[in-house]
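The values are calculated or read from the model by the stated rules, or taken from the named source; none is laboratory data. No experiment lies behind these values; they were computed from the predicted model shown. We place every Cβ from the backbone using ideal geometry, glycine too, and count neighbours over all the protein chains shown. In case anyone asks, the SASA skips ligands and DNA or RNA and just uses the protein heavy atoms, side chains included. Shrake-Rupley method; radii C 1.70, N 1.55, O 1.52, S 1.80 Å.
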Number of protein chains: 4
Amino acid sequence: MNIQTYISQILDELGETVGHVCDSSAEKLVDAIMDAQMVFVAGAGRSGLAMKSFAMRLMHIGFETYVVGETVTPSITNKDVLLIGSGSGSTSSLVTSASKAEAIGATICLLTIDENSPIGKLADVVLTIPAPTPKIDRDLGFRSVQPMGALFEQSLLLTLDAIILLLMEKTGKTPESMFNRHANLE
Amino acid sequence: MNIQTYISQILDELGETVGHVCDSSAEKLVDAIMDAQMVFVAGAGRSGLAMKSFAMRLMHIGFETYVVGETVTPSITNKDVLLIGSGSGSTSSLVTSASKAEAIGATICLLTIDENSPIGKLADVVLTIPAPTPKIDRDLGFRSVQPMGALFEQSLLLTLDAIILLLMEKTGKTPESMFNRHANLE
Amino acid sequence: MNIQTYISQILDELGETVGHVCDSSAEKLVDAIMDAQMVFVAGAGRSGLAMKSFAMRLMHIGFETYVVGETVTPSITNKDVLLIGSGSGSTSSLVTSASKAEAIGATICLLTIDENSPIGKLADVVLTIPAPTPKIDRDLGFRSVQPMGALFEQSLLLTLDAIILLLMEKTGKTPESMFNRHANLE
Amino acid sequence: MNIQTYISQILDELGETVGHVCDSSAEKLVDAIMDAQMVFVAGAGRSGLAMKSFAMRLMHIGFETYVVGETVTPSITNKDVLLIGSGSGSTSSLVTSASKAEAIGATICLLTIDENSPIGKLADVVLTIPAPTPKIDRDLGFRSVQPMGALFEQSLLLTLDAIILLLMEKTGKTPESMFNRHANLE
């Protein structure tokens, strides 16, 4: 096989997953971010890296944004939102964070394959990304050629980047104004 | 606008960029990884996060892999490969790493928009991802609706995940054998 | 007050805590590291940063070392050791990691103020650092002028660096041989 | 040798280094932080981890603080301060950051062994920590038993924690008010 064969398969798979993300759930996620005082993001592994990519763009737009586990992340309050990206919706450390956020009264949003997962049940907003994975036993009509949660993780990044475009619209921010906030010491 | 409108645009843009990644450059990148004793990855900002996603999968396959700047990353030698993801190919800290790697005699691979960039000139293998960005003044036939290097960063992740599929083929690894290496303490 | 006044107080406090670290517990910790196939370290907040400082030195000596939560960290097995630094011994995410490690059969070592904590009860080796903190209600004979767990975190770093000296002795490594492993791309 | 022998040596060495930190340089560093709009910290390796420990406490006090290279770090301006911890004062990536900060007009503070280093020459405030290391050829009257920059890194952490006590005094913050800002999702 050559790379273009695999790239075609990946693009086809992405169309099947992100093409089914629900418009109204995305709107609710956008509203939760717009209404929050501070935005916290969390995720494990490659999903966590997609959440960090999102956090960086939120910062560029001007939202006060933090990544759970990074150095300067303060305490969350009931005026804030916690956004979790988790394919299974059941990663232990993220269930812990979601439970703590709920006890404090923060708004919880989840991007996941499984809306009936433990975090799904705690969340105020759930955005479902219907990516099949070996770990999640649901009939989504096709199997991915990719290992583990790769298709979810890619779909998560693209979905979050589409949400950035919605947020730019809402806030009137342009790529130029965002670039002014871009890190300039590296 | 709703999220599906933006998702369609992003998928269209991705087809225009990753659809033009060169098969033979990808093969050279695969060979460089297969031949290396250790694999080091580096990148800044969101490109750096895509490189980390790749590093995690390389580790799952069984390659001895390190991220420049993380805690347990040892010294590079002339038997190793340094993989850099950089849209501009000119980020200062990455130019520094590339220069140091070259002095040591390590193999350097670059994934970039601009093969004529400072790091492009130092690299043994360059894989070009033709994503238009405001910062890079080249006529690629279209403009992205997305801010800054978003299209490059997405294309980088997908290209690297296609390279993972090529490497799984070469090494005979399956998703199941890779899952056995997956972090299990979170 | 000037900085030297505070520095004197900090040094006095450190003498009161690290001066009471138990020789035989340290020996057990050293043995657990020497016997392990891979070494995993974990910690939250500033204690987590001290654990990372330790992990970097373990890598310099030549131990295959990983930080829980970093990119290239593989799965732990029953041949490995998990070292946790936690003042309270009860941080949720660390209790989770310790429980998972125990189920897998890995050796667990804890550096803590409170050996009777949840992680303390799971651990095979506990090294107690008797630092008073506002959160831990024990009579240690004095109060620290420093906020939160500062004295524990400082003591943790110094104790771990003393363990590095013990491990250098055991392995015959010199500062020069360790420097050869030092990251060289930054 | 046992751990208490090494701990005694480390404490003796620390007295010889942090005991010579200059009161008036520390005051200048405190003033630079108090006057800044945002505080950026940077460092490589174990010195970088000490700088992160400091950044966390600055956040607890209430300073808007960022770590160079972390996800949510925005652009620096001429109203901000960049604090660098570097034993040699010559780490390439940090020289780059210092040069960029200088061009922008930000205030630069350096904690270092070598005030005549490249970053030392760019810095507005230099706080010298006179720790001997094999890499730095200066007669400081004694040799450390510890490998590489260990003594500098330990001294850096303790000096920064003493600066926290000075800043608590200046701002009137108590451990209790700081604890309210402590991360609460882990």
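Within the group B:Ala42, B:Ala36, B:Ala103, which residue is open to solvent by 50 Å² or more (accessible area, probe 1.4 Å) and among the aliphatic types (A, V, I, L, M)?
Numbers: B:Ala42 fails: open to solvent by 50 Å² or more (accessible area, probe 1.4 Å); B:Ala36 fails: open to solvent by 50 Å² or more (accessible area, probe 1.4 Å).
One residue alone meets the criteria, B:Ala103.
Filter the stretch C:15-33 down to residues that are farther than 22 Å from C:Asn78 by Cα, surrounded by fewer than 21 Cβ atoms within 10 Å (Cβ to Cβ) and touching a residue at least 40 places away in the same chain (Cβ under 8 Å), then give me how many there are.
So the first thing to find is which residues in the stretch C:15-33 are farther than 22 Å from C:Asn78 by Cα, and the list is C:15-24.
Then keep just the ones that are surrounded by fewer than 21 Cβ atoms within 10 Å (Cβ to Cβ); that gives C:15-16, C:19-20, C:22-24.
The next check asks that each one be touching a residue at least 40 places away in the same chain (Cβ under 8 Å); those that pass are C:16, C:20, C:22.
Here the count works out to 3.
Might you check whether a residue that is within 11 Å of chain C (Cβ to nearest Cβ), at pLDDT 95 or above, crowded, with 20+ Cβ neighbours inside 10 Å and within 18 Å of D:Leu165 (Cβ to Cβ) occurs anywhere in the stretch D:64-79?
no
I'd like the full set of residues that are over 26 Å from B:Val18 (Cα atoms), aliphatic (A, V, I, L, M) and free of Cβ contacts under 8 Å to residues at least 12 places away in the same chain, limited to the stretch B:54-107.
B:Val72, B:Ala103
Return yes or no: is B:Ala183 part of a helix (DSSP H, G or I), free of Cβ contacts under 8 Å to residues at least 24 places away in the same chain, open to solvent by 20 Å² or more (accessible area, probe 1.4 Å) and among the small types (Gly, Ala, Ser)? Can you show your working first?
Values: part of a helix (DSSP H, G or I): no; free of Cβ contacts under 8 Å to residues at least 24 places away in the same chain: yes; open to solvent by 20 Å² or more (accessible area, probe 1.4 Å): yes; among the small types (Gly, Ala, Ser): yes.
No: the conditions fail for B:Ala183.
Please specify each residue of the stretch C:1-30 satisfying the condition of being among the polar types (S, T, N, Q), out of contact with any strand residue (DSSP E or B) (no Cβ under 6 Å at 6 or more places or on another chain) and facing chain D (nearest Cβ under 9 Å).
In the first step, residues of the stretch C:1-30 are kept if they are among the polar types (S, T, N, Q); the result is C:2, C:4-5, C:8-9, C:17, C:24-25.
Now restrict to residues that are out of contact with any strand residue (DSSP E or B) (no Cβ under 6 Å at 6 or more places or on another chain): C:2, C:4-5, C:8-9, C:17, C:24.
Scanning the stretch C:1-30 gives C:Asn2, C:Gln4, C:Thr5, C:Ser8, C:Gln9, C:Ser24.
So which of B:Asp124, B:Asp114 ends up being more than 9 Å from every other protein chain (Cβ to nearest Cβ), of a type in the set (Asp, Glu) and open to solvent by less than 50 Å² (accessible area, probe 1.4 Å)? Walk me through it before giving the result.
On the way: B:Asp124 fails: open to solvent by less than 50 Å² (accessible area, probe 1.4 Å).
That would be B:Asp114, the only listed residue that is more than 9 Å from every other protein chain (Cβ to nearest Cβ), of a type in the set (Asp, Glu) and open to solvent by less than 50 Å² (accessible area, probe 1.4 Å).
If a residue must be more than 9 Å from chain B (Cβ to nearest Cβ) and surrounded by fewer than 24 Cβ atoms within 10 Å (Cβ to Cβ), how many such residues does the stretch C:80-100 contain?
Summing the residues that are more than 9 Å from chain B (Cβ to nearest Cβ) and surrounded by fewer than 24 Cβ atoms within 10 Å (Cβ to Cβ) in the stretch C:80-100 gives 6.
Got a number for residues in the stretch C:156-177 being within 24 Å of C:Gly48 (Cβ to Cβ) and out of contact with any Lys or Arg (no Cβ under 6 Å at 6 or more places or on another chain)?
Of the residues in the stretch C:156-177, 12 are within 24 Å of C:Gly48 (Cβ to Cβ) and out of contact with any Lys or Arg (no Cβ under 6 Å at 6 or more places or on another chain).
Of the residues B:Ala150, B:Ala123, B:Ala131, which is of a type outside the set (Lys, Arg), at pLDDT below 95 and under 16 Å from the mean Cα position of the chain (by Cα)? Please lay out each step first, then the result.
On the way: B:Ala150 fails: at pLDDT below 95; B:Ala123 fails: at pLDDT below 95.
When all the criteria are applied, what remains is B:Ala131.
Name every residue in the stretch C:31-63 that is of a type outside the set (A, V, I, L, M, F, W, C), under 13 Å from the mean Cα position of the chain (by Cα) and more than 9 Å from chain B (Cβ to nearest Cβ), in order of residue number.
Within the stretch C:31-63, the subset of a type outside the set (A, V, I, L, M, F, W, C) is C:31, C:35, C:37, C:43, C:45-48, C:52-53, C:57, C:60, C:62.
Filter once more, keeping what is under 13 Å from the mean Cα position of the chain (by Cα): C:43, C:45-48, C:52-53, C:57.
Matches in the stretch C:31-63: C:Gly43, C:Gly45, C:Arg46, C:Ser47, C:Gly48, C:Arg57.
How many residues, within the stretch B:54-63, are open to solvent by 10 Å² or more (accessible area, probe 1.4 Å) and within 30 Å of A:Arg181 (Cβ to Cβ)?
Step one: filter the stretch B:54-63 for residues open to solvent by 10 Å² or more (accessible area, probe 1.4 Å), giving B:56, B:62-63.
Retained after the next criterion (residues that are within 30 Å of A:Arg181 (Cβ to Cβ)): B:56.
Residues in the stretch B:54-63 being open to solvent by 10 Å² or more (accessible area, probe 1.4 Å) and within 30 Å of A:Arg181 (Cβ to Cβ): 1 in total.
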